Amino acid sequence: ARARAAALLMLALPGAAYVYQGEELGLPEVVDLPDDVLTDPIFRRTGSRARVRDGCRVPLPWSGQVSPFGFTSGAEGVRPWLPQPEYFAEYATDRALADTRSFWHLYRDGLQLRRELPQLGEGDLRWLDTPPGVLAFVRGDGLVCAVNFATAPATAPVPGTPLLASGPCPPGVLPGSTAAWWIGDL
């Protein structure tokens, strides 16, 4: 929930939006790769003391239930440069496309609104007064983004149903660990 909220916050801020490999799938970093498969030059240069990038460079899962999850095809036995854990099946692109509540759909919808709404282009950002644990701002002419970092629900800064929310967001309420966008006069 917090990662989904952070994604909407990032997409509402001014400047370029950068989505790192696998972020659009909600893909976690692989933290338990064995030393013998690591390829990051920094790992080698530091005498195996620094594990730096390999955990976030594991190939994306595209489809299927077993590794290589559609990442390689053709020759029998071709394997990706880093092993994919079996739990990657849960994050495969084919599953994300089929689930309208997935990270992929959240990013697609957020990027589409970012492209369509003039408030999310160049322009002002104005911070709003909020209760503790809530961050809210207005972009341009009336796009409000609010994030509730707390666990308890808070009153939404704008009445009504949000344009986009990182999770279920009833009108007038901003649940804990949730971000939402509204169009409103503030």
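The values are calculated or read from the model by the stated rules, or taken from the named source; none is laboratory data. As the structure is a prediction and not an experimental result, all values here were calculated from the model. Backbone-built Cβ (ideal geometry, glycine too); neighbour counts: all protein chains shown. Protein only, heavy atoms only, side chains kept; ligands, DNA and RNA dropped before computing areas. Shrake-Rupley method; radii C 1.70, N 1.55, O 1.52, S 1.80 Å.
What percentages make up the Cα-Cα pair-distance distribution of the range 109-168 when the bins are 10 Å wide from 0?
In order of increasing distance, the bins hold 21, 52, 26, 1 percent.
Restricting to DSSP loop positions (anything but H, G, I, E, B) with no more than 10 other Cβ atoms inside 10 Å of their own Cβ, which GluC sites (Glu not before Pro) remain in the range 18-123? Write out the running numbers ahead of the final one.
Working: sites: E23, E24, E29, E76, E86, E90, E116, E122; in loops: E29, E76, E122.
Of the GluC sites (Glu not before Pro), the ones in loops of the range 18-123 whose Cβ has at most 10 other Cβ atoms within 10 Å are E76, E122.
Per residue, how large is the accessible surface of the chain? Use a 1.4 angstrom probe and give square angstrom.
Values: 10400 Å² over 186 residues.
Computed with neighbouring chains in place, this is 56 Å² per residue.
What is the distance in Å between the Cα centroid of the range 113-158 and that of the range 79-103?
Each part reduced to its Cα centre gives a spacing of 31 Å.
Relative to the longest principal Cα axis of the chain, at what angle does helix 2-12 sit, 0 to 90 degrees, rounded to 10?
So the helix axis and the longest Cα principal axis differ by about 60 degrees.
Using DSSP to call loops (not H, G, I, E or B), can you name the chymotrypsin sites (Phe, Trp or Tyr not before Pro) in the range 1-55 whose Cβ has at most 16 other Cβ atoms within 10 angstrom? Don't skip to the answer; put the middle values down first.
Values: sites: Y18, Y20, F43; in loops: Y18, Y20.
Answer by residue number: Y18, Y20.
If you roll a 1.4 angstrom probe over the protein chains with everything in place, what fraction of the accessible area of the range 39-186 belongs to carbon and sulfur, to the nearest %? Don't skip to the end; give the middle numbers.
Details: 4620 of 8330 Å².
In the range 39-186, the share of accessible area belonging to carbon and sulfur is 55 percent.
As a test of the formula, what do you get for the chain when each DSSP H run with n ≥ 4 contributes -39,500 (n - 2.57) and the sum is divided by the residue count, at 222 nm and rounded to the nearest 500 deg cm²/dmol?
Values: 4 runs with 36 residues, N = 186.
Only helices count here, giving -5500 deg cm²/dmol.
R2 versus D141, label points 7 Å from Cα toward the beta carbon: distance in nm?
Each label point is offset 7 Å from its Cα along the Cβ direction, giving 3.8 nm.
How long are the three semi-axes of the equivalent ellipsoid of the range 19-142, in whole Å, if each is the root of 5 times an eigenvalue of the C-alpha gyration tensor, listed from largest down? Show your work: numbers first, answer last.
On the way: eigenvalues 263, 91, 33 Å².
They are 36, 21, 13 Å, listed from largest to smallest.
From the phi angles alone, apply the Karplus equation (6.51, -1.76, 1.60; θ = phi - 60°) to the range 93-110 and give each ³J(HN,Hα) in whole Hz, x where the residue is Gly or Pro.
Coupling constants for the range 93-110: 4, 4, 5, 4, 5, 7, 10, 5, 9, 6, 4, 4, 5, 4, 5, 4, 5, x Hz.
Identify the residues of the range 53-75 with backbone N under 19 Å of a label point that sits 7 angstrom from the Cα of T39 along the Cα-to-Cβ direction, or state none.
53-63, 67-75
What full-extension length gain, to one decimal in nm, is calculated for V173 and V19 as 0.36 nm per residue of separation minus the Cα-Cα distance?
52.6 nm
Suppose R0 equals 41 Å; then what is the FRET efficiency for R79 and L163 from their Cβ-Cβ distance, rounded to the nearest 0.05? Write out the running numbers ahead of the final one.
Working: r = 43 Å, r/R0 = 1.05.
So the FRET efficiency works out to roughly 0.45.
Looking only at Cα atoms, what is the convex hull volume of the range 1-40 per residue, in Å³?
Details: hull volume 3.6 nm³, N = 40.
Given the Cα convex hull of the range 1-40, per-residue volume reads 91 Å³.
Let me see the pair-distance distribution of the range 58-117: every alpha carbon pair, 5 Å bin width, integer percents in order.
Per 5 Å bin, starting at zero, the Cα-Cα P(r) for the range 58-117 comes out as 4, 19, 21, 18, 14, 10, 8, 4, 1, 0 percent.
Place +1 on the Cβ of every Lys and Arg and -1 on the Cβ of every Asp and Glu in the chain, take the dipole about the Cα centre, and give the residue among L33, L120, Q21 whose Cα lies farthest towards its positive end.
Value computed over the given set: L33.
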